Structure formats: C-alpha cells, structure tokens
Amino acid sequence: MIEDIKEVLVDNKKIEARCEELGKEISKDYQGRLPILVGLLKGSVPFMAELIKHITIQVETEYMVVSSYGGGITSSGEIQIINDLTISPQGRDIIIVEDIVDSGLTLDTIIKLLKYRGASSVEVACLLSKPDARKVEVDVKYLGFDIKNEFVVGFGLDYDQLYRNLPFVGILKEEIYKK
Ligand code: 5GP
C-alpha cells in the first residue's frame, strides 16, 4: 500500500498534535454545554477518533453516511444522505466532523439541513481544506490543515474505498489512477 504513495503531505505526528490543539479549543468553547459531534462517514472515522481523545468535556457522538463522490477522483456534485442521525438535532449544539472540505458543497448542504431541523448552533471541525477548490464558502471553525488542490488519500480518505487506513495524508502515484 505505502509503495503507491508519491508524497506525504501531512504526517501522523502533525495530525495528532493538531487534533490535540483542536480538542482543547472545543473543550474551552463548549464548556458547560453538551455538543453533539456528528461524524460524516466513512472518511471522518480516524479524525473523529483522534479528536475526541483530546476533548475533556462531555460530548455525544452521532454519524451520518453522506455520499458525494462516485468512486473516482472527481466530485459528482450531488449529495445523498444514505444514513441519518439517530437523534433529533433540535435545540442542540452541533459540531460536524468531516475529513476534507473541497468544493464545500457537502458541508454547505449538511449545515443548512441541520439548521433547518432546528439545531441551535452548527460548527465544523475538518481535518483538511483545499481553499483553491471552493465553489461555496464554508466557515470551518476548527480546521486541521490547508492543503494544495490535489486528490489526497489516507487518514480516512479513500481512493475507490482503499487507503483509508494509512496513518498520514498523502498523494497517490499517477499510475494508480490509470490501472
Ligand atoms: P466537497 O463536497 O467539499 O466537494 O467534498 C467533500 C467530500 O469529497 C469529502 O468528504 C471527501 O469524501 C471527498 N473528497 C474531496 N476531496 C478529496 C480528496 O482529495 N481525496 C479524497 N479521497 N476524497 C476527497
């Protein structure tokens, strides 16, 4: 698996250190409240796991299965909710936990949906952002890292459902796409 990687963009040490900082910030900002962290599956799993280790206040965790990419490396632009929350967001403080913000369409849709359903606040924690790829503006309050506009894999991010288990974020060699 590792031999398919051309370049490591964010190594595991950096990810862990940044998650610790973000966890502390969230703990401070939500002191005295009980937020729900809503992870968007499947990509947010490693980020969610690393982040919550560093949150020192009580939180609830929920997940949604959202699909935006068809399996290749280009976005379909359509967002489908395949599995929804198990509880109502009405009157609750929500922190959406996401792997990457690219065009912004996924997060924009989910933020609007949760607000429409009566959440009292909706913020975003996102491991990666590609600012140059944005089609709609999204306010990411808790951001891990800005990266260049390239397709990345690892730490939850897949290519055709593979590479999610890499402990770092990297770029695949071109020949992998051409197989
Ligand atoms: P957006 O709606 O912001 O365009 O895209 C968000 C979703 O697209 C992410 O949750 C992720 O599933 C997928 N995505 C965007 N950029 C990348 C990338 O560089 N690598 C991978 N593996 N998925 C990406």
Query raised in the report: Each residue of segment 12-29 in turn: what ³J(HN,Hα) in whole Hz from Karplus with 6.51, -1.76, 1.60 and θ = phi - 60°, glycine and Pro shown as x?
Result: 4, 4, 5, 4, 4, 5, 5, 5, 5, 4, 5, x, 5, 4, 4, 4, 6, 5
Requested in this report: For residue 96, list long-range residues whose amide hydrogen, built 1.01 Å from N in the peptide plane, is under 5 Å from its own amide hydrogen.
Outcome: 38, 123, 124, 125
Query raised in the report: By count of other Cβ within 10 Å, fewest leading, how are 178, 115 ordered?
Result: 178, 115
**Report entry** Exposure proxy ranking, count of Cβ atoms within 10 Å, fewest first, for 128, 37, 9
**Finding:** 9, 37, 128
Report summary line: Taking a straight Cα-to-Cα line shorter than 12 Å from residue 53, and setting aside same-chain aspartates and glutamates fewer than 8 residues away, one finds 16, 20, 21
Query - From phi via Karplus (6.51, -1.76, 1.60), per-residue ³J(HN,Hα) for segment 95-112 in Hz, x at Gly/Pro - result: 10, 7, 10, 10, 6, 8, 10, 10, 5, x, 5, 4, 5, 4, 5, 5, 4, 4
Report task. List every residue whose amide H lies under 5 Å from the amide H of residue 41, counting only residues 5 or more places away in sequence or on a different chain, with H placed 1.01 Å from N in the peptide plane. Result -> 64, 65, 66
Report summary line: The ³J(HN,Hα) series, computed from each phi in segment 124-129 with the Karplus coefficients 6.51, -1.76 and 1.60 at θ = phi - 60°, rounded to the nearest Hz and given as x for glycine or proline, is 10, 10, 9, 5, 10, 9
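Around residue 129, what is the net charge, scoring Lys/Arg as +1 and Asp/Glu as -1 over all other residues with Cβ under 9 Å from its Cβ? Each step should come with its number before you reach the end.
Details: positive: 130, 134; negative: 102, 146.
So the environment of residue 129 carries a net charge of 0.
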Query - 29 Å Cα cut-off, lysine pairs counted over segment 102-179 (separation 8 or more, or different chains) - result: 18
**Report entry** Given charges at Cβ of Lys, Arg, Asp, Glu: the chain dipole, positive-most of 143, 34, 127
**Finding:** 34
Query - For residue 155, residues with placed amide H under 5 Å, excluding near neighbours - result: 166, 168
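None of the figures in this text is laboratory data; all of them are computed from the coordinates on show. As the structure is a prediction and not an experimental result, all values here were calculated from the model. All Cβ positions, glycine included, derive from the backbone under ideal geometry; neighbour counts span all protein chains shown.
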